[in-house]
1. What pairs come up if the first residue lies in region 1-17 and is within 28 Å of VAL107 (Cβ to Cβ) and outside any strand (DSSP E or B), the second is open to solvent by less than 100 Å² (accessible area, probe 1.4 Å) and of a type in the set (Ser, Thr, Tyr), and their beta carbons are under 9 Å apart, counting only those six or more places apart or on different chains?
2. Just for region 43-65: of the residues that are over 26 Å from SER11 (Cβ atoms) and open to solvent by less than 80 Å² (accessible area, probe 1.4 Å), which one is farthest from the chain's Cα centre (by Cα)?
3. Kindly indicate the residue of region 47-81 that is touching a residue at least 40 places away in the same chain (Cβ under 8 Å) and outside any strand (DSSP E or B) and also farthest from ASN22 (Cα to Cα) among those meeting that condition.
4. Could you list, in sequence order, the residues of region 21-46 that are of a type in the set (Gly, Ala, Ser) and either touching a residue at least 60 places away in the same chain (Cβ under 8 Å) or assigned to a strand (DSSP E or B) (or both)?
5. All but one of (1) surrounded by 14 or more Cβ atoms within 10 Å (Cβ to Cβ); (2) more than 16 Å from CYS5 (Cβ to Cβ); (3) over 12 Å from the mean Cα position of the chain (by Cα) hold for MET18; which doesn't?
6. Could you look through region 1-18, keep only residues that are among the hydrophobic types (A, V, I, L, M, F, W, C) and touching a strand residue (DSSP E or B) at 6+ places or on another chain (Cβ under 6 Å), and pick out the one that is farthest from GLY93 (Cα to Cα)?
7. If I ask for residues that are closer than 18 Å to ALA91 by Cβ, in contact with a Ser or Thr (Cβ under 7 Å, 6 or more places away or on another chain) and aliphatic (A, V, I, L, M), which ones from region 19-54 would you list?
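The values are calculated or read from the model by the stated rules, or taken from the named source; none is laboratory data. Everything quoted here is computed from the prediction, not taken from an experiment. Don't worry about glycine lacking a Cβ; one is built from the backbone with ideal geometry, like all the others, and counts go over all protein chains shown. What goes into the accessible areas is simple: the full protein's heavy atoms, side chains included, and nothing from ligands, DNA or RNA. Shrake-Rupley method; radii C 1.70, N 1.55, O 1.52, S 1.80 Å.
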Amino acid sequence: MANYCFIVPTSSEGIELMKKWNEENIINNKEHDAVFKAAGVSREQTWVQHLPQGDFIVVSYETDDPEHSFKVLATSSEPWAVKFREHLKKAHGLDIAQSAMQLNESVINWEQ
């Protein structure tokens, strides 16, 4: 399983929307779990990073196939997935259904 990370710029309003979304739509939610399982994501972690340039959401998905994961999240007709995409647009201005997420370019892969 790979740990795939990405960032999304956000605002203080977006952070509050995200926290509320988490409480209402992720914690102990079988619909969330089913969509992420279909997307091949076995673990999801999210942090807020405050930088002088602004606030960012740092996301980590454990998945063997990030391209497949984003495709499922962007195209699933499951009601929870549709609601998730609406949340991303409202909270972070991210429309994963309209703009394909370009996968990160690996620059360093060091291991001891």
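1. Hits for this filter: MET1/SER42; MET1/THR63.
2. ASP65
3. Checking each candidate, the answer is ASP64.
4. Of everything in region 21-46, just one residue is of a type in the set (Gly, Ala, Ser) and either touching a residue at least 60 places away in the same chain (Cβ under 8 Å) or assigned to a strand (DSSP E or B) (or both), namely SER42.
5. All conditions pass for MET18, except number (3).
6. MET1
7. Answer for region 19-54, where residues must be closer than 18 Å to ALA91 by Cβ, in contact with a Ser or Thr (Cβ under 7 Å, 6 or more places away or on another chain) and aliphatic (A, V, I, L, M): just VAL35.
Yes/no matrix, rows are residues, columns are (1) under 18 Å from MET101 (Cα atoms); (2) of a type in the set (Asp, Glu):
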residue	(1), (2)
ILE7	yes, no
PHE56	yes, no
ASP64	yes, yes
PHE70	yes, no
TRP80	no, no
LYS89	yes, no
